[in-house]
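Taking it in order: structure first as structure tokens, then the write-up.
The values are calculated or read from the model by the stated rules, or taken from the named source; none is laboratory data. Remember, it's a predicted structure, so these values are computed and weren't measured experimentally. FYI the Cβ positions are ideal-geometry reconstructions off the backbone, even for glycines, and counts take in every protein chain you see. Ligands, DNA and RNA are stripped out before the accessible areas are found, and what is left, the full protein with its side chains, is counted by its heavy atoms. Shrake-Rupley method; radii C 1.70, N 1.55, O 1.52, S 1.80 Å.
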Amino acid sequence: AQSVTQLGSHVSVSEGALVLLRCNYSSSVPPYLFWYVQYPNQGLQLLLKYTTGATLVKGINGFEAEFKKSETSFHLTKPSAHMSDAAEYFCAVSDRDTGGFKTIFGAGTRLFVKA
Amino acid sequence: NAGVTQTPKFQVLKTGQSMTLQCAQDMNHNSMYWYRQDPGMGLRLIYYSASEGTTDKGEVPNGYNVSRLNKREFSLRLESAAPSQTSVYFCAAALGNTIYFGEGSWLTVV
């Protein structure tokens, strides 16, 4: 069965510092991996996804993530944090199920950005 | 382009009451989902529908029923609401493996 573990329910960084949000997954088949961002009182917005091909994936707002099969990880990074990056971030794994895809989410990591 | 639209956005129910959350998508996607979001637990899948006419249980289906009325619409019904069902509910539609979410429905059961 699929599962996703996000290390750290809260992460705090200073503006301009590196952002690193950790995600590990388990899946019985090659996974599709995603990062979503949620701003207060809104739905989830897709940041980036890995399906096949290049293991370093670039997304919106300067974020990127690297799929490491040997470590079963898909950590999210951004070189320089901005105040507007403060939000909750969710890692997700999707496997093909009967007739479609079933997507499971991690518990989320709330990012705080200090001025 | 509205994407995924949920109604109502806010609802307060008394224990034992029933209600239906409506969801419609205008993206012509085959798959639709209902998730609930609770603090510290991320999003948990309640039910999903891979295509019109099919539905499957997710991680937390107890206390809920769903109907995939047509390709556009996927409703979630609480037959007898319980305080444990107080949550934020998200409907989503998927093109292949990528999910697109609605804005959420805040439900409080008192």
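Does any residue in segment A:44-70 that is among the hydroxyl-bearing types (S, T, Y) come within less than 6 Å, Cβ to Cβ, of a residue that is in a strand (DSSP E or B) and surrounded by fewer than 19 Cβ atoms within 10 Å (Cβ to Cβ) six or more places away or on a different chain, and which pairs are these?
Here the result reads A:T55/A:E66, each pair linking segment A:44-70 to a residue that is in a strand (DSSP E or B) and surrounded by fewer than 19 Cβ atoms within 10 Å (Cβ to Cβ).
Anything in segment B:70-93 that is at the interface with another protein chain (Cβ under 10 Å from one of its Cβ atoms) and either within 22 Å of A:K49 (Cα to Cα) or of a type in the set (D, E) (or both)? List them, or say none.
Those that are at the interface with another protein chain (Cβ under 10 Å from one of its Cβ atoms) and either within 22 Å of A:K49 (Cα to Cα) or of a type in the set (D, E) (or both): B:F90, B:C91, B:A92.
For A:R22, which of the numbered conditions (1) open to solvent by less than 70 Å² (accessible area, probe 1.4 Å); (2) more than 11 Å from chain B (Cβ to nearest Cβ); (3) part of a strand (DSSP E or B) fails to hold?
It is condition (1) that A:R22 fails.
Which of the residues that make up segment B:42-64 are within 8 Å of chain A (Cβ to nearest Cβ), open to solvent by less than 40 Å² (accessible area, probe 1.4 Å) and either under 21 Å from A:T5 (Cα atoms) or among the hydrophobic types (A, V, I, L, M, F, W, C) (or both)?
Correct list: B:G42, B:L43, B:L45, B:A50, B:G58.
Please go through (1) more than 10 Å from chain B (Cβ to nearest Cβ); (2) under 28 Å from B:G102 (Cβ atoms); (3) part of a loop (DSSP other than H, G, I, E, B) for A:V57 and return the number of the only condition it doesn't satisfy.
Among (1) more than 10 Å from chain B (Cβ to nearest Cβ); (2) under 28 Å from B:G102 (Cβ atoms); (3) part of a loop (DSSP other than H, G, I, E, B), the lone unmet condition for A:V57 is (3).
Exactly one condition in (1) within 14 Å of chain A (Cβ to nearest Cβ); (2) of a type outside the set (A, V, I, L, M); (3) open to solvent by 50 Å² or more (accessible area, probe 1.4 Å) is not met by B:G96; state its number.
Just one mismatch for B:G96, condition (3).
Looking at A:Y89, is it open to solvent by less than 40 Å² (accessible area, probe 1.4 Å) and within 13 Å of the chain's Cα centre (by Cα)?
So A:Y89 fits the description; yes.
So, in segment A:92-110, exactly how many residues are surrounded by fewer than 21 Cβ atoms within 10 Å (Cβ to Cβ) and at negative phi?
7
Which residues, taken from segment A:60-86, are surrounded by 15 or more Cβ atoms within 10 Å (Cβ to Cβ), part of a loop (DSSP other than H, G, I, E, B) and either among the hydroxyl-bearing types (S, T, Y) or within 14 Å of chain B (Cβ to nearest Cβ) (or both)?
Listed by number, the list holds a single entry, A:T72.
Restricting to segment A:71-113, name every residue that is touching a residue at least 12 places away in the same chain (Cβ under 8 Å), over 25 Å from B:P39 (Cα atoms) and polar (S, T, N, Q).
Within segment A:71-113, A:T72, A:S80 qualify.
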